[in-house]
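Worksheet: one structure, shown below.
The values are calculated or read from the model by the stated rules, or taken from the named source; none is laboratory data. Owing to the predicted nature of the structure, the values given are computational and were not obtained by experimental measurement. Backbone-built Cβ (ideal geometry, glycine too); neighbour counts: all protein chains shown.
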Amino acid sequence: AREALFQSQKLEAIGKLTGGIAHDFNNLLSVIMNGLELLRMTKDPAMVARSVDTMSRAAQRGAALTQQLLAFARQQPLRQEAHDVARVIRSFEAVLRRALPDAMHLSLHMQDDLPQAMIDAPQFESAPLNLVVNARDAMNAVGQVQLALDAVTLTAHEVDRLPAGRYVRAMVKDSGTGMTPETMTRAIEPFFTTKEVGKGTGLGLSQVYGMVQQCQGALTLDSQVGEGTTVSLYFPAVAAADSSAHEERGSASAVKV
Ligand code: ADP
């Protein structure tokens, strides 16, 4: 019976998924079709420029949606290796900053001597960007986004179902609108979004959640309406004495793939 329930939930999710995508794509296509219609009717250079701009943005959004869908559908197995998470984040700090308008400030806080963590770097990289974009969208033009990295020692089940041990924690904190309790319980559902049609895909957090789960880590949300949101990601830390062993295992799996 449990299996049957699971199957029907899966079907329901797929149904929602298809409906959601069709809806988003239709909206984007109608923006492009309206733009083309306008181009046919006007020679005014300003109107033409604006219309081309809008169409191009709609096409870009469509492309981004496809990318997210592909990443989501692929659910590639992770190629976990021991990584210096701070270094991974620093390597694309500029991209994170570019995602924010001038009036929003991104501050990075990284604890010294962080242990390495077992992650798949390419899949991990989309997580901070997803979280920073969500932080931006939750803030009204001005605000603060903090990205902090530290190491924590947890007792069993202190965070979600994580076993006791040492973890590298990445936190993205914003001073935005915060989430209602309803939004918080649904936020990691695929295709759940409160953003206007065409703006949100509802795939960001579910993708991050999937990646973290595959790493045997955890994701937690802490949010207050009107105050802001903190999303924390936990990844198992590599014990210092182990790290050479993990590196070897890491390169072995890299050869296999
Ligand atoms: P999307 O950003 O496309 O809506 P996500 O899965 O990333 O998809 O987020 C789902 C929903 O969770 C958002 O629509 C929003 O309601 C809520 N959410 C996510 N991050 C934040 C945040 N930092 N502050 C407030 N709400 C958030």
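Some observations on this one:
- Taken over the range 145-157, the criterion of being surrounded by fewer than 18 Cβ atoms within 10 Å (Cβ to Cβ), within 22 Å of Ile188 (Cα to Cα) and under 20 Å from the mean Cα position of the chain (by Cα) is satisfied by Gln146, Ala148.
- The lone exception for Asp113 - which of (1) under 23 Å from Val132 (Cα atoms); (2) modelled with pLDDT of 85 or more; (3) of a type outside the set (Val, Ile, Thr); (4) exposed (fewer than 13 other Cβ atoms within 10 Å of the Cβ) it fails: (1)
- Within the range 126-144, the set of residues being more than 9 Å from the ligand (Cβ to nearest atom) and over 9 Å from the mean Cα position of the chain (by Cα) comprises Asn140, Ala141, Val142, Gly143, Gln144.
- From Lys43, Lys10, residue being surrounded by fewer than 11 Cβ atoms within 10 Å (Cβ to Cβ), modelled with pLDDT of 90 or more and out of contact with any Pro (no Cβ under 8 Å at 6 or more places or on another chain): Lys43
- Qualifying residues in the range 22-57 (those that are over 22 Å from Thr201 (Cα atoms) and of a type in the set (Val, Ile, Thr)) - the one farthest from the chain's Cα centre (by Cα): Thr42
- Taking the criterion of being closer than 30 Å to Ser56 by Cβ, of a type outside the set (A, V, I, L, M, F, W, C), near the ligand (Cβ under 8 Å from one of its atoms) and free of Cβ contacts under 8 Å to residues at least 24 places away in the same chain, the residues of the range 180-207 that qualify are Thr193, Thr194.
- Residues that are more than 22 Å from Lys173 (Cβ to Cβ) and either near the ligand (Cβ under 10 Å from one of its atoms) or part of a loop (DSSP other than H, G, I, E, B) (or both) within the range 208-227 comprise just one, Gln216.
- The single condition among (1) within 30 Å of Gly228 (Cα to Cα); (2) at pLDDT 85 or above that Arg98 does not meet is (2).
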